[in-house]
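Structure first, then comments.
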Amino acid sequence: MSFVRWGLIPSWWKKTIKEAPATFNARAETVVDKPMFRDVFRRHRCIIPASGYYEWRKVPDGRQPYYFSAADGGVLSIAGLWDRWSNPATGEPVISCTMVITDANAFVRPVHDRMPVLLQLADFGTWLGGAGGIELLRPAADNKLRMWPVSRRVNRTGSGDDDPTLPDEVAA
């Protein structure tokens with residue numbers, strides 16, 4: 001396990017890190033074809049552990065964030081891709097990653113139309129070894145997640161505050 005930069009920068013990227021496109025996620029249906037992801041899909045897969053993730057639902061007074069986590073309270077295992085890029089200005093290596101997303105299942109769909117690909121333990125080896133293909137990139141079963149509304153404070157980025165109460169439930 002290691003910490004890496006969020007937002008994939010492919011090894012072939014020649015521009016600066018600030019000029020890299022937003023690659024926070026890769027769509028399951030195009031991951032084998034898109035130049036940004038196709039090579040790493042073949043050779044650099046990972047699993048991103050997460051306690052949960054946020055999605056936003058449009059409501060009359062703005063956007064209400066919801067927190068999604070494993071129904072059993074465990075860790076989510078999100079299909080990911082990674083690569084190693086060398087900064088052309090400094091030569092410094094940067095390892096970065098992205099998560100693979102797919103269509104939402106019926107449980108997630110009332111909040112958002114997409115969701116991360118959640119791998120099952122039985123698929124870890126197949127995914128990481130490259131033997132498993134796009135057939136693994138499907139929505140999770142409806143009973144694998146739980147969700148609840150959270151404070152709109154999650155919308156405030158850049159405060160440098162890693163507030164552990166952000167996933168706490170609030171009235172929607």
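The values are calculated or read from the model by the stated rules, or taken from the named source; none is laboratory data. Small disclaimer: the values here were computed from a predicted structure and weren't measured. Cβ: placed from backbone, ideal geometry, glycine included. Neighbour counts: every protein chain shown. Quick note on the areas: whole protein, heavy atoms, side chains included, nothing else; ligands and nucleic acids left out. Shrake-Rupley method; radii C 1.70, N 1.55, O 1.52, S 1.80 Å.
Hey, what number do you get for the chain at 222 nm if only DSSP H runs of n ≥ 4 count, each worth -39500 (n - 2.57), divided across all residues, to the nearest 500?
Working: 2 runs with 12 residues, N = 172.
After summing the helix terms and dividing by residue count, I get -1500 deg cm²/dmol.
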| query | If one computes the Cα centroid of the range 84-112 and of the range 23-80, what distance in Å separates the two points? | reply | 7 Å
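For the chain, please report how many Lys pairs fall under 26 Å Cα to Cα, leaving out neighbours fewer than 8 apart on the same chain. Intermediate results must be reported in sequence, preceding the final value.
Working: Lys14/Lys34; Lys15/Lys34; Lys18/Lys34; Lys58/Lys144.
Total qualifying Lys-Lys pairs in the chain comes to 4.
Could you work out how much longer the chain between Ser51 and Asn87 gets when fully extended? Use 0.36 nm per residue separation minus the Cα distance between them, nm to one decimal.
Working: separation 36, 0.36 × 36 = 12.96 nm, distance 3.11 nm.
9.8 nm is the gain from fully extending Ser51 to Asn87.
If contacts are Cα pairs under 8 angstrom and at least 6 residues apart, what is the relative contact order of the chain in percent?
Numbers: 330 pairs, mean separation 42.1, N = 172.
The value is 24 percent.
What's the carbon and sulfur percent of the chain's accessible surface, probe 1.4 angstrom, rounded to a whole number?
Reported share for carbon and sulfur atoms: 54 percent.
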| query | So how long is each side of the range 54-143 along the principal axes, counting just the alpha-carbon atoms, biggest first, in Å? | reply | 48, 36, 24
| According to the Kirkwood expression over distinct Cα-Cα pairs, how big is the hydrodynamic radius of the range 32-88, in Å? | 14.3 Å
| query | Could you give me the ³J(HN,Hα) list for the range 4-18, computed from phi with Karplus coefficients 6.51, -1.76, 1.60 and θ = phi - 60°, whole Hz, x at Gly and Pro? | reply | 9, 6, 7, x, 5, 10, x, 4, 7, 5, 9, 8, 6, 5, 5
| 1.4 Å probe accessible area per residue over the range 23-159, in Å² | 52 Å²
| said: At R0 = 22 Å, how high is the FRET efficiency between Ala172 and Phe3 if r is their beta carbon distance? Nearest 0.05 is fine. | reply: 0.10
| note | Here the gain from full extension of Leu128 to Lys14, 0.36 nm per residue of separation minus their alpha-carbon distance, amounts to 38.3 nm
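Mind checking the alpha-carbon convex hull of the chain and giving the volume per residue in Å³?
Details: hull volume 24.2 nm³, N = 172.
Dividing the Cα hull volume of the chain by its residues yields 141 Å³.
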| Gaussian network model of the chain, Cα within-10 Å springs - most flexible of Pro60, Pro49, Pro116 | Pro60
| task | Report, in debye and to the nearest 20, how large the dipole of the chain comes out about its Cα centre when Lys and Arg carry +1 and Asp and Glu carry -1 on their Cβ. | result | 480 debye
